[in-house]
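Structure first, then comments.
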Amino acid sequence: MSRTEHLGRLGQRLTVTGRIRTLTRLDRSSNGRPDPVLIVLDVGLARVKIVTVASWARQCRCGDRITVAGTVTAHTRWHGTNQTVLARVVQVDARYPATEPDWELVNPTESGPRPFPGRPTHWPKRTSRRRPDHRPDRQGESR
């Protein structure tokens, strides 16, 4: 009997905090895409498995304590250990709490936006590329 348990129901969004037990890069990239990273977290009596290509995952190290949020996609067993598989995972960082950003309030002018210029003034004027034919053998010919 396994000492670990599954977390959440399938399709449920979870936020978990745990210590990274396993961290490895999977060599599955193609067409210039980044390699996925496999992370296994110890979360109390549970294990959480994550496969992601997010940049934050490449900065983590084994033993780091992280908080992530994701959707439960499967409950699996690996060598007799229950694991909860999370997908669409984002890192929840305590240093940057999810609060409203301090945006600058911009009021538009009363006259509305300026009109989009038809042609920038610094461009040279267009001239016809068709030039009159001044060769002597073609002057009298009609086309």
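The values are calculated or read from the model by the stated rules, or taken from the named source; none is laboratory data. Only a predicted model underlies this, so the values are computations on that prediction, with no experimental measurement involved. Please note: Cβ atoms are built from the backbone with ideal geometry, for glycine as well, and neighbour counts cover all protein chains shown.
What to note about this one:
- Residue identified as touching a strand residue (DSSP E or B) at 6+ places or on another chain (Cβ under 8 Å), of a type in the set (S, T, Y) and modelled with pLDDT under 90 among T67, T81, T109: T81
- Considering segment 48-66, and only residues there that are surrounded by 15 or more Cβ atoms within 10 Å (Cβ to Cβ) and in a strand (DSSP E or B), the residue that is farthest from the chain's Cα centre (by Cα) turns out to be V48.
- For V40, the requirement of being within 16 Å of R88 (Cβ to Cβ) and either among the polar types (S, T, N, Q) or assigned to a strand (DSSP E or B) (or both) is not met.
- Selection count where residues are under 16 Å from H75 (Cβ atoms) and surrounded by 13 or more Cβ atoms within 10 Å (Cβ to Cβ), scope segment 6-47: 10
- Selection of first residues in segment 47-65 that are within 15 Å of L86 (Cβ to Cβ) and of second residues that are of a type in the set (S, T, Y) and surrounded by 12 or more Cβ atoms within 10 Å (Cβ to Cβ), restricted to Cβ pairs under 9 Å at least 6 apart or on distinct chains, gives the following pairs, ordered by first then second residue: R47/T4; R47/T81; R47/T84; V48/T84; K49/T22; K49/T76; K49/T84; V53/S29.
So that you can scan it fast, the table gives a plain yes or no per residue for (1) touching a Pro at 6+ places or on another chain (Cβ under 9 Å); (2) among the small types (G, A, S):
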{"residue": "R28", "(1), (2)": "yes, no"}
{"residue": "A46", "(1), (2)": "no, yes"}
{"residue": "R58", "(1), (2)": "yes, no"}
{"residue": "V90", "(1), (2)": "no, no"}
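- Filtered residues of segment 44-64 (kept if closer than 15 Å to V16 by Cβ, at pLDDT 90 or above and aliphatic (A, V, I, L, M)): V48, I50
- Residues in segment 6-37 that are closer than 20 Å to T81 by Cα and either of a type in the set (D, E, K, R) or part of a loop (DSSP other than H, G, I, E, B) (or both): H6, L7, G8, R9, L10, R19, R21.
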